[in-house]
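Encoded as structure tokens, the structure appears first; notes follow it.
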Amino acid sequence: MTEQVISLAWRWTAETSSDSAHRFCRIRVTAPPGEIGDPDAWSVVGLVQGTIDGMLKKLAPQPVLHAAAGMGAATLFAGLHAWHSEGLRPAFAAADAHPRSYFALPEATELFDAEEAYLVRSGEAGARLLWCDYATKEVREVAVDFDACLAGWKAVRDAIRQDGEGSVPPSVDVS
């Protein structure tokens, strides 16, 4: 049985303040069966771009996590959450791995304050995106293309340079 890979969509809005002194943006990530991000939250564009760059730098060298292949989404999420928030290294983690190398949202921005998501490479191209639904507190999971996920974030980083709104599909060419 082949696992169906879901296409993510990044929805963004960017605006310059009325005094032209600041630029702000909103970002949400959507994938069946849900959405990640607060549709009403705004953050400073430069801060968001910097945190996206930091996140991508930490995610890019992530090795395939073979030990997590057979784990259920809730168990894997709980292990990554404990490692990320409390420093409790799960048994499935590589000795040289860092918990931030699995965190799939730009941190230190208002956009995802109450959100938590992890991207776990599950094969050469495939990955598992896991998140806790903010409203229901249920752990959600979709299979995604690892490189397409990173490319989507890069495209958002570039797109929010200009005022406007739009949606970035993962197949966007960012070379």
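Data table
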| quantity | calculated |
| --- | --- |
| Rounded to whole Hz, the Karplus (6.51, -1.76, 1.60) HN-Hα couplings of the stretch 58-70, x for glycine and proline | 6, 6, 3, x, 4, x, 5, 9, 4, 5, 8, 4, x |
| The chain: relative contact order in percent, alpha carbon pairs under 8 Å with at least 6 residues between | 30 |
| Between the stretch 120-148 and the stretch 24-58, the Cα center-to-center distance that results, in Å | 16 |
| Helix 73-86 axis, angle to the chain major axis (alpha carbon atoms, nearest 10°) | 70 |
| For residue 46, net neighbour charge (Lys/Arg +1, Asp/Glu -1) across residues whose Cβ lies under 12 Å away | +2 |
| Accessible area of residue 55 in the full protein assembly, 1.4 Å probe (Å², nearest 10) | 10 |
| Sum of -39500 (n - 2.57) over DSSP H runs of 4+, divided by residues of the chain (222 nm, nearest 500) | -8000 deg cm²/dmol |
| The stretch 8-50: C-alpha gyration tensor shape, a/c 1.5 cut-off, then a/b vs b/c | prolate |
| Accessible surface, 1.4 Å probe, highest first, among residues 96, 53 | 96, 53 |
| Cut-off 12 Å between beta-carbons: net charge of the residues surrounding residue 121, Lys and Arg +1, Asp and Glu -1 | -2 |
| Taking N as its residue count, the alpha carbon Rg of the chain over 2.2 N^0.38 Å | 1.02 |
| Phi to ³J(HN,Hα) by Karplus 6.51 cos²θ - 1.76 cosθ + 1.60 over the stretch 94-103, Hz, x for Gly, Pro | 5, 4, 9, 7, 10, x, 5, 6, 10, 6 |
| R0 of 25 Å, Cβ-Cβ distance residue 167-residue 40: FRET efficiency to nearest 0.05 | 0.90 |
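The values are calculated or read from the model by the stated rules, or taken from the named source; none is laboratory data. It should be emphasised that the depicted structure is a prediction, and the values quoted were computed from it without experimental measurement. All Cβ positions, even for glycine, are placed from backbone atoms using ideal geometry, and neighbour counts span all protein chains on display. In case anyone asks, the SASA skips ligands and DNA or RNA and just uses the protein heavy atoms, side chains included. Shrake-Rupley method; radii C 1.70, N 1.55, O 1.52, S 1.80 Å.
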